[in-house]
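What follows is a set of notes on a single structure, which appears directly below.
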Amino acid sequence: MFLRKSTGPVLTVLALTLLLVSGAVLAQTPAGTTIRNQASATFEDLVGNTYSATSNEVTTIVLPVFGLSILPDDSGETPPVAPALVQMAIPGQTVYYSYTLTNTGNDDDTYTLVPLLDGVNTTMLLGIGDIDVYHDVNGNGVLDGGEPMICAGGAAGNIGPIAAGVTVSLLIEYQVPAGAAAGQVAYVGIEGTSVGDGAQVDTRNYHRTDVVSDAVLTASMTGLPAAVDPGSVATHTITGQNVGNDVAHGVTVASVGLTGVLIYDILPIDPSTGDPLALSGAPAGAPAGGTVLYLPAGSPTAGSPETWAWSTSSVAGDIAVAYVSSGDLAIGQNYNFTYDVIVPAGMPAGIINNSGAVAFVDNNPGSPDPTIVVTNNTQIVVNVLADVLVGPAGNPAAGTAPLYNDDMQAVPLAYANQVVDFVNTVRNDGNDADEINIQLDSSTFPAGYSIQFFRSDGVTPLSDSGADGIVDVGTVNPGLTRDFVVRVTVPGSATAGGPYQAVVSARSGNNPLEFNLTTDEITAVSPAAVDIGNYDGAAGTNNLPVNIDANPNTNVDFPLDVINTGGSSDNYNLSAVFPAGWTVTFYRDVNSNGVLDLPELTPIANVGPIAAGAEVNIIARVSVPLGELPGVNNVTFRATSALNALVFDEIADTVTILGAPSVTITPDRSGTGTAGGTVRYQHTVTNTGNMDDTFALSALSSNGWSYAFFDLLNNPIAAVTLVSGASQDIVVQISIPGGVAVGTIENGTITVLGNGTGATDSATDVTTIVAGNLVLTKWVNPVGNQAPGTELTYRTDYANVGTAGLTNIVIYDAIPAWTQYRVGSAAAGTAAPGITGTTIEFSDDGGGGAPADFDANVTNVRWTLAGTLAGGDSTADGPAFTVRIIAE
Amino acid sequence: MRRSLIGTILLLVVVGSAAAAQGPALTGEMAASKIVVDKEKGEIALPADQVYPSDTVEYTLRYSNSGTAQAAGVSLLGPIPDGTIYIEETATDLQGAHPLFSIDGGKNWQEAPVMIKVVRLDGTVETRKADPALITHIKWSLDGPLEVGGEIMASYRVQVK
């Protein structure tokens, strides 16, 4: 720190605000200033999350304006009734008139000065060429060696550049002609013109010089040092001389009963308090023997100064100080008066303007008394002292003296994806308006965290209101505070940790060496978190595993709870681990009833945003495939943070597959047989359950006939052993006893029975005993599995294996399902001996919509054979037709 | 209060955007115009890239909901930048969103006229109308939601110091 900090009481903010802001209004914005503005908006979504959006930044540059003011002014008439200044002078005397020129624009400017002479009303013999104008650099009202001449011999000259708002002192000098007579006058003024804008002119400012033959006192004031720090002492000195040709008499100060030349000054005011600057030490005057006088607070200052309520004693709050000489001031005699004032520690930076005066009585009974000669105006610069404090909200002076850098505010816990705002307050303890820059001095926050600065509204980013490229809180007037927001955004991927600190500096724009620090801390950061468990129908969840029994080829629903146990809104992706062949689909249990309702049948991959601490309900539907074996299966459901993929939670449940034994034997068969012969039927036995088993084969004959079982290799079998899902073809052979009457019907019930599981099924074989025996053998070409679109040709060979001839033979065949008959493909084939003709007929009682050359309407084909098929006759080229496996 | 037709909340047809994030999304822009008065044409808005002290600058805020859901609790915030002073009665008086003013950096808000309590040096407290120079922010808070595609526009004027 550069300076000691003050922790003294802060003035009432609003009262001070008015005072200072009203003063600030008067100041023009400097040329080149960039005015920046940025809008912002805040809004919420449907679940109450708050967002903000800032606009673009618009910038406006302030252009220069020019102006000047030369003071004092005259009253405007020609000649002026009230000249700007009036001095008495004796012939031959060189007179000096003090003016000030102020740059009232907002940019540096140079001014062209030229003296003016009212030749009409000037009665002394004075020409414009006799008048010079100087720059009174130290503003003491006296032309010192080295001070530059601006206007030589009445010619125009330039002064500048002069910064905006700055006042310089001028001196107009000329000599009263030696031959001038008392009573003659001169009206001399000065005109200034802005070089930046020639239309900006300040003219006239006429003063008057009266030629006398009397006492003439000069009066000038110095103020030292030229620049002081608040808390220091400044010295003002009024000096002068009786340059006239007669004695200067004193005035009578009635309040103290003293008579003498009165040298006096109304003390300058501290603008921050309105109080006069306090005297320091003992004022001193010359000629020696005089008395120092003080004007108490509240005393009127109207009328002639000798009539004021002067006192010989000093008290706090005195508003004026004076020195009254002990007698007259002789011709050529000098005088002076010196006193010190204290520049208050809290005095704003700026200028202390001051001027004094001297009062005396001349020797001309016709002129009004007393004669008052006013000094020049002196200017003492009150230096800018920068002093910046920053601290937690409302407490910028927090910390340990003298540096106050160790103050800190902390948020004990923050969560991943959370935004933490620290409100900090800066205070300008300096004595001038200050553009206070805000910077991150250091930080221990890990990568991924962001630290941003906002205005106190929390949404407008701090910007650079100046041109130093550093964001700031704007211009803060002395004694005032301003809040700003340090926003720490914790990344969603944040891991547990802390404490983390951001050290923020507030640095004076007036004096970049002056700064103060404050620390904003997040003591601990908690990462994103989630709890997934089984539905419990209430707040919280059940983290104990749940088992659901299920049959194969069914769905089981696990109602689940997902709870955001983190500190900020998060979303969670859903996944599961489950046996191969299974599927798991997640749904939102919108009404939280633990049941997957019809309106909820929209699969989800994530639960959607969940506010911190909130819970949502979901359903995990587990599809168990057909044939799944009995047993316990693990199904684990996981919810993974969208903020941090490393953060997840699981609930491990189980699905117990129940035993489901089942077997089928297909198809039912029918046929014909002859007495004493055998008939064989082929069946397929399938273990359609989820349990392996051995299935015993048995038959129940309606006629008590004998049945036997074979495999396709013609090996005798009594049972088939099948694992779950497996099939085996078997052959059932029926032995028809001899002598059985033609027309006898045999119903055989073929049963398979699981030895272990008891699963059972039956098929029925119906056999009709016939005398002859027409045997039909059906063929297909090509054989085996075929792709859709393949054409299949079915052929039925026939043979009479009996002994009697067969007539009226009709062969029926159906168009298989999922096929379409090829038009014109039905053929008679090669007729067996004795068959004299074949009539082909069609049935078309269904279907339709087949492609060209095919007829979906054909459902059956019938061949009616004419003639007699004798016993033992046959054909190996029987009737045939072609179909096409539907491909559409 | 200056009431502006263009300040009315506009509800526009939803224009879907595949890239739009789920939920509401406000996008906004701010424009600055220098307001000059022409004897014949009345007020004219000129670019405000450059101004002189005492010039009038009008800031216009235009925000729209480009998201996929309505936005609730919408507040627009217009700061009074350093170097300028708010010109009274120039803030748009939106239907359903009267302008609110802050003199403390956005902490507290009140409708016009903005009042301030002044603690005088003798300790007495006086409540009086605040100097416009004290105003730091203007805010418009919508009564209802801003629908998808909806737009809100407001403006205010400042004078360059």
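The values are calculated or read from the model by the stated rules, or taken from the named source; none is laboratory data. Predicted model, so just to flag it, every value in this text is computed and none were measured. Every residue, glycine among them, receives a Cβ derived from its backbone with ideal geometry; neighbour counts consider all protein chains shown.
With respect to A:Gly327, is the statement that it is part of a loop (DSSP other than H, G, I, E, B), closer than 30 Å to A:Gly479 by Cβ and out of contact with any Cys (no Cβ under 6 Å at 6 or more places or on another chain) true? When the stated conditions are applied, A:Gly327 does not pass them. Out of all the residues in the range B:109-143, which are of a type in the set (D, E, K, R) and at pLDDT below 95? B:Glu111, B:Lys117, B:Arg120, B:Asp122, B:Glu126, B:Arg128, B:Lys129, B:Asp131, B:Asp143, listed by residue number. Is it the case, given these coordinates, that B:Ala154 is touching a strand residue (DSSP E or B) at 6+ places or on another chain (Cβ under 6 Å) and assigned to a helix (DSSP H, G or I)? Here the answer is no, as B:Ala154 does not meet what is asked. The residues of the range B:112-121 that are within 11 Å of chain A (Cβ to nearest Cβ) and either in a loop (DSSP other than H, G, I, E, B) or among the hydroxyl-bearing types (Ser, Thr, Tyr) (or both), listed by number, are B:Arg120, B:Leu121.
One line per residue, one yes/no per condition, for (1) surrounded by 18 or more Cβ atoms within 10 Å (Cβ to Cβ); (2) touching a strand residue (DSSP E or B) at 6+ places or on another chain (Cβ under 7 Å); (3) more than 30 Å from A:Pro230 (Cβ to Cβ):
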| residue | (1), (2), (3) |
| --- | --- |
| A:Ala322 | yes, yes, no |
| A:Gly327 | no, yes, yes |
| A:Pro365 | no, no, yes |
| A:Asn377 | yes, yes, no |
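Any residue in the range A:684-696 that is outside the structural domain of A:Val801 (by TED's automatic domain parsing), within 22 Å of A:Lys778 (Cβ to Cβ) and out of contact with any Lys or Arg (no Cβ under 6 Å at 6 or more places or on another chain)? Within the range A:684-696 (the criterion being outside the structural domain of A:Val801 (by TED's automatic domain parsing), within 22 Å of A:Lys778 (Cβ to Cβ) and out of contact with any Lys or Arg (no Cβ under 6 Å at 6 or more places or on another chain)), the answer is yes, since at least one residue qualifies.
Mind checking which residues of the range A:174-208 are under 18 Å from A:Asp132 (Cβ atoms) and touching a Lys or Arg at 6+ places or on another chain (Cβ under 9 Å)? Passing the criteria: A:Ala186, A:Tyr187, A:Val188, A:Gly189, A:Ile190, A:Glu191.
For the range A:238-256, a residue qualifies if it is part of a strand (DSSP E or B) and surrounded by fewer than 19 Cβ atoms within 10 Å (Cβ to Cβ), and the qualifying residues are A:Gln241, A:Thr252. Here A:Asn547, A:Asn477 are screened, and the one residue that is within 22 Å of B:Lys107 (Cβ to Cβ) and either without any contact (Cβ under 8 Å) to a residue 60 or more places away in the chain or in contact with a Ser or Thr (Cβ under 9 Å, 6 or more places away or on another chain) (or both) is A:Asn477.
Here is a yes/no grid of residues against (1) buried (at least 22 other Cβ atoms within 10 Å of the Cβ); (2) within 12 Å of another protein chain (Cβ to nearest Cβ); (3) touching a residue at least 40 places away in the same chain (Cβ under 8 Å):
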residue: A:Pro402; (1), (2), (3): no, no, yes
residue: A:Asp407; (1), (2), (3): no, no, yes
residue: A:Ala410; (1), (2), (3): no, no, yes
residue: A:Ile470; (1), (2), (3): no, no, no
residue: A:Val473; (1), (2), (3): yes, yes, yes
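Within the range B:101-111, the only residue that satisfies the criterion of being surrounded by fewer than 19 Cβ atoms within 10 Å (Cβ to Cβ), in contact (Cβ under 8 Å) with a residue 12 or more places away in the chain and more than 12 Å from every other protein chain (Cβ to nearest Cβ) is B:Glu111.
Starting from residues that are crowded, with 18+ Cβ neighbours inside 10 Å and among the hydroxyl-bearing types (Ser, Thr, Tyr), keep the ones in the range A:151-207 and report whichever is farthest from A:Ile90 (Cα to Cα). The selected residue is A:Ser194.
Among the conditions (1) loosely packed, with under 14 Cβ neighbours inside 10 Å; (2) among the polar types (S, T, N, Q); (3) more than 44 Å from the chain's Cα centre (by Cα), A:Asn138 misses just one, which is (1).
For A:Thr110, the conditions (1) buried (at least 18 other Cβ atoms within 10 Å of the Cβ); (2) modelled with pLDDT of 95 or more all hold with the exception of (1).
Of the strands (runs of 3 or more DSSP E) that lie entirely inside the range B:37-98, those containing 3 or more residues that are out of contact with any Pro (no Cβ under 6 Å at 6 or more places or on another chain) and within 11 Å of another protein chain (Cβ to nearest Cβ) span B:56-65, B:72-79.
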